[in-house]
Every structure is written in structure tokens, then in C-alpha cells.
Amino acid sequence: VVVGNNSIGIYGYSVDNKKDITAGNKSTAIYSQSKNVTLSGGTITVGGNEAVGVYTVGSGQNISNSGTAINIGNTSFGFVNVGSGNSITSSLASNTLGTGSIYIYSNDSTGTVNNSTNLTSTGNQNYGIYSAGTVNNSGNMDLSSGVGNVGIYSVSGGTATNTATISIGASDIDNEFF
């Protein structure tokens, strides 16, 4: 599946993806309203400017990535969860962030993020995981190559448990890159 800018590659409910999906700037590769999303093969490539690999809005969804690499453009996202009671599990071996990107974003205060994917950054101002719910991380994060990178950011009363190594680079206080 290949779509351009401001587009959606797959729109629906239950998704089981094993193939390649490419989505342009400000696009979404997979948009799911309910049921489960399973990623077990292929590669998802999304452009920049707030593009998203997998966007979920439903309730009680299970999103699982065990074999799909996600190439995330600058200022974009691997996963975005704005639903409720959803669970994101990423057990991919590794993934890379560029500049201003977030691997997993969830504003779901009743949701869970389980990550064992090792993350590496090549640029500045990236977040490994940004979540309002429960985070369990066992994936190493090497975000030391840039300035202002954050491994795990827990907001709105969320909780985070980390059992891996997270390495970050410097902060730039003058420009508020923390």
C-alpha cells in the first residue's frame, strides 16, 4: 500500500498487517477504530510533519508489533493511541528515531504500553515513549546522539517501570531542549 501526503493507507477496525505500507507527510499508515491491530511483517514507512504509523481511537484495543519495522519521518510518530483502555505491545528487535519523533505516544490514562523494542536516535528532541497510562519498558534506548531526547515521559498521573538501559544526550536549557 502506498499513499501520498494527507492520506490514510488502511482505515478500519481489525488489522493484521504483514506487508509494506508507505504513507507521506501528515499521513497515517493504519487507522483503527476498534478491535485489534497485529503487525508481524513488512515495513511501515511514514513521512514527516506528524505522520503516524498506527493510529488507534477505539476502546479495549490490543496493538501488537512483533515484526514490522517502522521508518518514522522527522516530527512524526510510530504509534499514537487516543482511545481508552488500549494496550500497545512492541517486541520488535530495534527501531530508529530521527528528529522530533516519538516511537509510542498514548494519552490513554487507562491504557498500557509494553515495550521491549530497542530504540536508537540519530537526531534531537525525540521521545521513546510518551504516555499518560502504565508503561513497562524492557527495551534499551540509546538516545545519546542528539540534544533534548527523552527516554520515557510519563504524564497525567501515569506510571512507568523501566528495567533496561536508557542513555540520553545533553540538554540545551537556553532553547528548552530537555
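Of the residues making up segment 95-111, just one is assigned to a strand (DSSP E or B) and surrounded by fewer than 20 Cβ atoms within 10 Å (Cβ to Cβ), namely Thr96.
Looking only at segment 143-178, residues that are open to solvent by 70 Å² or more (accessible area, probe 1.4 Å) and either in contact with a helix residue (DSSP H, G or I) (Cβ under 8 Å, 6 or more places away or on another chain) or among the charged types (D, E, K, R) (or both) come to 2 in all.
Residues to consider are Asn86, Asn17, Asn36, Asn74; find the one that is open to solvent by 20 Å² or more (accessible area, probe 1.4 Å), of a type outside the set (A, V, I, L, M) and over 24 Å from Asp142 (Cα atoms). Residue meeting the stated conditions: Asn36.
The condition (being β-branched (Val, Ile, Thr), more than 12 Å from the chain's Cα centre (by Cα) and under 20 Å from Tyr130 (Cβ atoms)) is satisfied by just one residue among Ile72, Ile30: Ile30.
For Leu92, the conditions (1) open to solvent by less than 10 Å² (accessible area, probe 1.4 Å); (2) in a loop (DSSP other than H, G, I, E, B); (3) more than 17 Å from Asn36 (Cα to Cα) all hold with the exception of (1).
So which residues in segment 49-71 are among the β-branched types (Val, Ile, Thr) and surrounded by 23 or more Cβ atoms within 10 Å (Cβ to Cβ), if there are any at all?
Val52, Val54, Thr56, Ile63, Thr68, Ile70
Taken over segment 159-178, the criterion of being modelled with pLDDT under 90 and not in a strand (DSSP E or B) is satisfied by Ile173, Asn175, Glu176, Phe178.
The values are calculated or read from the model by the stated rules, or taken from the named source; none is laboratory data. Model, not experiment: these values are computed from the prediction. Every residue, glycine as well, gets a Cβ built from its backbone with ideal geometry; the counts of neighbours run over all protein chains shown. The protein model used for the area step is the full one, side chains on, heavy atoms only, and it has no ligands, DNA or RNA in it. Shrake-Rupley method; radii C 1.70, N 1.55, O 1.52, S 1.80 Å.
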